[in-house]
Amino acid sequence: MKKIIVPIDFSEYSDYALETAAILAKKNNAEILALHMLEMSDAIINKNNNEMHMETVFFLKLAEKRFTEFLDKDYLEGITVTPIVKHFKVFSEVNDVAEEHDADLIVMGSHGSSGLKEFFVGSNTEKVVRHAEIPVLVTKENPILTDFESIVFACDFSEKAVEPYLRACKLFDSMGSKMHLVYVNLPSESFKSSAEMESKVVSFLKKANGNLDKLDSVKYVSDYTVEKGILNFSNIVGADLIAVVTHGRTGLAHFFEGSISEDIANHSMLPVMSFNM
């Protein structure tokens, strides 16, 4: 991990994300790319070239000033931080910056409400997650534990999940983390018997790893929704991080089933990392 992107909107949540990125950067000797999205209004864009140029320069200078003040943090001492101001109108373009700078990870703050699904859905975070080709780490609070020693990795164990699973293994192995694989069985049309679940997991691991060395690390959980299964299992094993495979531009719509349950909201404060298919 050499470069970490942190989108900055000067809120307390981007401060949380920046501090999380700083901890990871120090551990991995990585550089932080602090990205501010300067969203110019249509009124400014539609002005004549000279007027638009003057106002653009003004807002760029203002953003640079706020950036300098925002990045004056004790926890950034000793870390290479590169401020980047881009005139983007959509957060999906964060991935363009990631590609341009060959970044390894995006860290974002989220003020989503209860439940794991709200980490992503209906926010700028969701837009970044949908389009990102690199992992996106989402945090909702001030980082306390970022050792990520115990990680719950959830996917549907389909053939499409093999590639993001291998990327997750590579990243978490480099961090020295223990990864718990979890299969959530639902009381619906997708319900599977124990033999069917294990058969699917065996096929997945053979294709991904060429062996069954990680078969013992797979846990089978039955619950009413995938979200409940992931969060309840994460609580049982004392996870520091939840990692999920998402379905690219369709987001988590096909990953989660059922409604958000308020009784597990207290577990949703765990940071979540997404890997796109």
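Table for the structure above
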{"item": "Global form of the stretch 164-241, assessed from the alpha-carbon gyration tensor, a/c cut-off 1.5", "result": "oblate"}
{"item": "Net charge of Cβ neighbours under 13 Å - reference Asn29; Lys, Arg +1; Asp, Glu -1", "result": "+2"}
{"item": "Karplus 3J(HN,Hα) series, Hz, for the stretch 26-35 with 6.51 cos²θ - 1.76 cosθ + 1.60 (x for Gly, Pro)", "result": "5, 6, 10, 6, 9, 9, 9, 9, 8, 10"}
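Throughout, read-outs are computed from the coordinates displayed, never taken from laboratory work. No experiment lies behind these values; they were computed from the predicted model shown. Note: ideal-geometry Cβ built from the backbone for every residue, glycine included; neighbour counts use all protein chains shown.
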